[in-house]
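J.: First the structure, which I've put down as structure tokens, then a few questions once you've had a look.
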Amino acid sequence: REERGMSMMLITHDFGVVADIADRVIVMEKGFVVEQGPAARVLTAPEHPYTKRLIAAVPRLREADKLDDAETPVILQAEDVQKVYRSSSGLLGHKRIVHAVQDVSFTLRRGQTIGIVGESGSGKSSLGKVLMKLADADGGRILLDGQDILPMAEVQFRPLRPRIQMIFQD
């Protein structure tokens, strides 16, 4: 990351990995961001009960030593991003609605790494898909270098794809 001057977003449930590489941490539970901030603060002095439970479940964390630099340019910014999955099932056509991502906001600065943490089903992958325009958002804004990418058609977004990539854990 430093060698290439890249920014990264890591989506994981592994606090150990986040502690090793993230500058900032966002903790999600049931589609909501419940806590976010500099990795050093979130990992060593969590405020939200869910974050405290997640960290307590980790055998050992080493203190993150990277801080947020407000002078560094913003590369990616999410504002109140939402993703809802809707489906109908059965003969009666009962509608099922899942609010996978609800009002998620964060800022990623040049050269910074953010860790997205939460249990399975917390909305991490749905957020990643929306950020990559692999799934349509149901609300909010996503600014890539200051440009809102959510309303863009695929043909407009295609030239920006080299600027934002997803690396799958497997």
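J.: Between Val74 and Arg161, what is the label-point separation in nm under the 7 Å Cα-to-beta-carbon projection?
T.: 2.7
J.: Please report how many Lys pairs in the chain have alpha carbons closer than 23 angstrom, counting only residues at least 8 apart along the chain or sitting on separate chains.
T.: The number of close lysine pairs in the chain is 15.
J.: What does the accessible area per residue of the chain come to in Å², with a 1.4 Å probe and no ligands, DNA or RNA counted?
T.: 59
J.: Rounded to the nearest 500, what is the 222 nm mean residue ellipticity of the chain from helices alone, with -39500 (n - 2.57) per DSSP H run of 4+ residues and division by all residues?
T.: -4500 deg cm²/dmol
J.: Which ³J(HN,Hα) values, rounded to whole Hz and listed in residue order, are derived for the range 123-131 from phi using the Karplus coefficients 6.51, -1.76 and 1.60 in 6.51 cos²θ - 1.76 cosθ + 1.60 with θ = phi - 60°, glycine and proline given as x?
T.: Here the 3J(HN,Hα) series is x, 4, 5, 4, 4, x, 5, 5, 4 Hz.
J.: With a/c under 1.5 counting as rounded, go ahead and sort the range 9-58 into rounded, prolate or oblate using the C-alpha gyration tensor (a ≥ b ≥ c being the square roots of the eigenvalues; past the cut-off, prolate if a/b is larger than b/c, else oblate).
T.: Numbers: a/c = 1.31, a/b = 1.17, b/c = 1.12.
Since a/c stays below 1.5, the shape of the range 9-58 is classed as rounded.
J.: How do 156-166, 1-11, 19-29 rank on mean C-beta neighbours within 10 Å, highest first?
T.: Ranked by mean Cβ neighbours within 10 Å, highest first: 19-29, 1-11, 156-166.
J.: Tell me which label goes with the value of volume of the Cα convex hull per residue in Å³ computed from the coordinates here: (i) 116; (ii) 175; (iii) 142.
T.: (iii)
The values are calculated or read from the model by the stated rules, or taken from the named source; none is laboratory data. Fair warning: this is a prediction, and the values are worked out from it, not measured in the lab. Positions of Cβ are backbone-derived with ideal geometry, glycine not excepted, and every protein chain shown enters the neighbour counts. Calculation scope for accessible area: heavy atoms of the full protein, side chains included, ligands and nucleic acids excluded. Shrake-Rupley method; radii C 1.70, N 1.55, O 1.52, S 1.80 Å.
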